[in-house]
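Each remark here refers to the structure printed beneath this line.
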Amino acid sequence: MVKRNKVLKLQELGLLAIQGLVSDICFYIANVVSPQNSEHVFASSDEKQITVEKFVIELKKHIWCHIPWYLYGEVFDHVLEGVIVAVEIKKAKWRLNTKMPEFTLQIWAMLKVAEVLYLKQLKQ
């Protein structure tokens, strides 16, 4: 007999892709604000904060303009899960010799991505 594998629906695949994308974005932002990053040199922590906030605003616009209204709840759950997964992975990499100010800054930047979820239409 031939064994059939379960195939996910396109909607489920899209939601999982959003979750993975948000996790990847969290890691990217954490690396950008890291003091060890030589590509993006920021003059101050205020400049880092402004840059992260601008990025989150643009990400929010991009995500929600491509999502149909009836999927808002499911996308909300998957975006939140993506942020949680990224933060948990980052926390698992913490060691006693980790520089706490840098680690805290990276976690802050990752959690800032969760602000993508602030949308008027999501208030129920």
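Brief remarks follow.
- Sparse-neighbourhood loop sites, trypsin sites (Lys or Arg not before Pro) in region 1-104 - DSSP loop, at most 16 other Cβ within 10 angstrom: K3, R4, K6, K9, K93, R95, K99
- Pairs from the list K54/K99; K54/K120; K54/K90; K60/K91; K9/K48; K48/K120 with a Cα-Cα gap above 30 Å: K9/K48.
- By the helix-only formula, in which each DSSP H run with n ≥ 4 contributes -39500 (n - 2.57) and the sum is divided by residues, the chain has a 222 nm mean residue ellipticity of -22000 deg cm²/dmol.
- Highest GNM mean-square fluctuation among S23, S34, S45, for the chain modelled with Cα contacts below 10 Å: S45.
- Where the chain is the region considered: accessible area per residue in Å², 1.4 Å probe: 72 Å²
- Extension gain for E88 to K120 (0.36 nm times residue separation, less C-alpha to C-alpha distance): 8.7 nm.
- Among A30, A92, A17, the residue with the largest mean-square fluctuation in a Gaussian network model of the chain, with springs joining Cα atoms closer than 10 Å, is A92.
- Each 5 Å bin from 0 upward holds the following percent of the Cα-Cα pairs of the chain: 2, 10, 19, 19, 16, 12, 9, 6, 3, 2, 1, 0, 0.
- Sorting H62, H78 by accessible area puts them as H62, H78; the probe is 1.4 Å, largest comes first, and only protein heavy atoms count.
- Relative contact order (%) - criterion: Cα under 8 Å, at least six apart; region: the chain: 44 percent
- Axial C-alpha extent at least 24 Å, average Kyte-Doolittle at least 1.6 - helices from the chain (DSSP): none
- Cβ-based charge dipole, region 7-124, positive-most Cα from V32, I107, L117: I107
- Mean Cβ neighbour count within 10 Å, used as a protection proxy, ranking 66-75, 108-117 highest first: 108-117, 66-75
- Cα-centred dipole magnitude for region 17-96, charges only on beta-carbon of K, R (+1) and D, E (-1), debye, nearest 20: 220 debye
The values are calculated or read from the model by the stated rules, or taken from the named source; none is laboratory data. This one's a predicted model, so the numbers in the text were calculated from it and none came from an experiment. As a convention, Cβ positions derive from the backbone with ideal geometry for all residues, glycine included, and neighbour counts pool all protein chains shown. Ligands, DNA and RNA are stripped out before the accessible areas are found, and what is left, the full protein with its side chains, is counted by its heavy atoms. Shrake-Rupley method; radii C 1.70, N 1.55, O 1.52, S 1.80 Å.
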